[in-house]
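Worksheet: the structure to be examined is printed underneath.
The values are calculated or read from the model by the stated rules, or taken from the named source; none is laboratory data. The shown structure was predicted, so the numbers you read here are calculated from the model rather than taken from an experiment. Every residue, glycine as well, gets a Cβ built from its backbone with ideal geometry; the counts of neighbours run over all protein chains shown.
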Amino acid sequence: MRDRWLAMPPEARQNFRRNAERWMRMSPEERNIMRQRENSLKATVKRETDAALRESGVNLNPQERAQFESRYIQERRRVEQTLRQQIEAERQKELPALIQQLKREFQIDQPTRNPATKPADSVYPKR
């Protein structure tokens, strides 16, 4: 286990440590929800791995099947990470235009504000 820890890149170790600390701060209900999500994700990946194996049409012995499943999961993670990076890059390109559009829309809706002008007195008498 220690060898595995040392083999991890520093950022992965830091992320693991952060997640462990977060886990320790969770209530039992939150931990249960996280376990349910993890089990659901594992079941989904298992179904999709089985489907990929069926679609491939290859007949594998148990050891080869385990290798196939491992590679499928590894490559799937790589694909998903690449897609997340692409989506984030696209989001970062789109956000400045979105912010400018919203800025224009909300400036139009606001009355002009002059900091030197005192706000109008209320029509309601002070109590």
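Brief remarks on what is shown
- Some residue of segment 76-84 being assigned to a helix (DSSP H, G or I) and in contact (Cβ under 8 Å) with a residue 24 or more places away in the chain: yes
- Flag if Q36 is modelled with pLDDT of 95 or more and part of a helix (DSSP H, G or I): yes
- Boolean, T49 is β-branched (V, I, T), part of a helix (DSSP H, G or I) and either surrounded by fewer than 10 Cβ atoms within 10 Å (Cβ to Cβ) or under 20 Å from the mean Cα position of the chain (by Cα) (or both): no
- The number of residues in segment 1-21 that are surrounded by 11 or more Cβ atoms within 10 Å (Cβ to Cβ) and either modelled with pLDDT of 95 or more or assigned to a loop (DSSP other than H, G, I, E, B) (or both) comes to 1.
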